[in-house]
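The values are calculated or read from the model by the stated rules, or taken from the named source; none is laboratory data. Bear in mind that the values here come from a model prediction, so they are computed numbers and not experimental data. In this analysis, Cβ positions are derived from the backbone assuming ideal geometry, glycine residues included, and neighbour counts consider all displayed protein chains. Just so you know, the surface numbers come from the protein's heavy atoms only, side chains and all, with ligands and any DNA or RNA stripped out. Shrake-Rupley method; radii C 1.70, N 1.55, O 1.52, S 1.80 Å.
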Amino acid sequence: MSDCQHIKQSVIWKKITHYCAYQERCHQEVKQKLHQLGVYGQQAETCIACLIEENYLNEERFAMQFALGKFNINKWGKRKIASALQQKQISSYLIKKALAQIDTDQYLKVLQKQMESKIAAGKNLSVPVLKQKIMSYFLQKGYEAECIEQIWNRIQDLQEE
């Protein structure tokens, strides 16, 4: 009996496949879950290999869904998404590929919409103070300084018209 066949007959297999089927997972998360279930070393590695073979585990699919989810739902910038993926030990190749699927026009529109609402909320502040607050807020959300500056200038130009 092969290692995969042996693992597939275990209670652990049922638990870990359910864990992976519930939502996309990266290798690091699965390894952590296996450790919680008391599976270590070669047995954990074999289990991960079987999950990949059965298409329960796919880091490219994980990176793509993670990046789109964090952008669409949490409105994170690309820098913050990349950093979170690095922490999950996703390869730089997959990080670049995941970030490339975020449409640039949509990215800038989301940033502009968020910035307009922040500007409206801070309308009683002086322009230099407001700009500083806007810059630090969006840098913290993971947006690139050039994008923040570009959208800030666009909004200022529109307000002057």
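Here is a list: 9, 36, 28, 23. Which entry is at pLDDT below 95 and on the phi < 0 side of the Ramachandran plot?
Numbers: 36 fails: at pLDDT below 95; 28 fails: at pLDDT below 95; 23 fails: at pLDDT below 95.
Residue meeting the stated conditions: 9.
When you scan segment 42-50, do you find a residue that is polar (S, T, N, Q), open to solvent by 60 Å² or more (accessible area, probe 1.4 Å), more than 22 Å from residue 66 (Cβ to Cβ) and in a helix (DSSP H, G or I), even just one? Give the derivation first.
Of the residues in segment 42-50, the ones polar (S, T, N, Q) are 42-43, 46.
Those still in the list that are open to solvent by 60 Å² or more (accessible area, probe 1.4 Å) too: 42-43.
The next check asks that each one be more than 22 Å from residue 66 (Cβ to Cβ); those that pass are 42-43.
Narrowing further to those that are in a helix (DSSP H, G or I): 42-43.
Looking for residues that are polar (S, T, N, Q), open to solvent by 60 Å² or more (accessible area, probe 1.4 Å), more than 22 Å from residue 66 (Cβ to Cβ) and in a helix (DSSP H, G or I), one finds at least one in segment 42-50, hence yes.
Name every residue in segment 65-74 that is of a type outside the set (Gly, Ala, Ser) and either crowded, with 17+ Cβ neighbours inside 10 Å or at pLDDT below 95 (or both), in order of residue number. Talk me through it step by step, then tell me what you get.
So the first thing to find is which residues in segment 65-74 are of a type outside the set (Gly, Ala, Ser), and the list is 65-66, 68, 70-74.
The answer is 66, 70, 71.
Picking from 81, 102, which residue would you name as being in a loop (DSSP other than H, G, I, E, B) and under 13 Å from the mean Cα position of the chain (by Cα)? Even if it seems obvious, please write down each step before you answer.
Numbers: 81 fails: in a loop (DSSP other than H, G, I, E, B).
None of the others qualify; the one that does is 102.
Yes/no matrix, rows are residues, columns are (1) part of a helix (DSSP H, G or I); (2) open to solvent by 80 Å² or more (accessible area, probe 1.4 Å):
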| residue | (1), (2) |
| --- | --- |
| 97 | yes, no |
| 109 | yes, yes |
| 120 | yes, no |
| 138 | yes, no |
| 143 | no, no |
Problem - Count - residues of segment 84-95 that are assigned to a helix (DSSP H, G or I) and open to solvent by 50 Å² or more (accessible area, probe 1.4 Å) - result: 4
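Taking segment 3-15 only, how many residues are open to solvent by less than 60 Å² (accessible area, probe 1.4 Å) and closer than 12 Å to residue 49 by Cβ? Give the derivation first.
Step one: list which residues in segment 3-15 are open to solvent by less than 60 Å² (accessible area, probe 1.4 Å), which gives 4, 7, 10, 12-13.
Narrowing further to those that are closer than 12 Å to residue 49 by Cβ: 4, 7.
The number of residues fulfilling the criteria is 2.
Working only within segment 23-41, note down all residues that are in a helix (DSSP H, G or I) and open to solvent by 40 Å² or more (accessible area, probe 1.4 Å). Walk me through it before giving the result.
Initially, segment 23-41 is screened for residues in a helix (DSSP H, G or I), giving 27-36, 41.
27, 28, 31, 32, 33, 35, 36, 41, listed by residue number.
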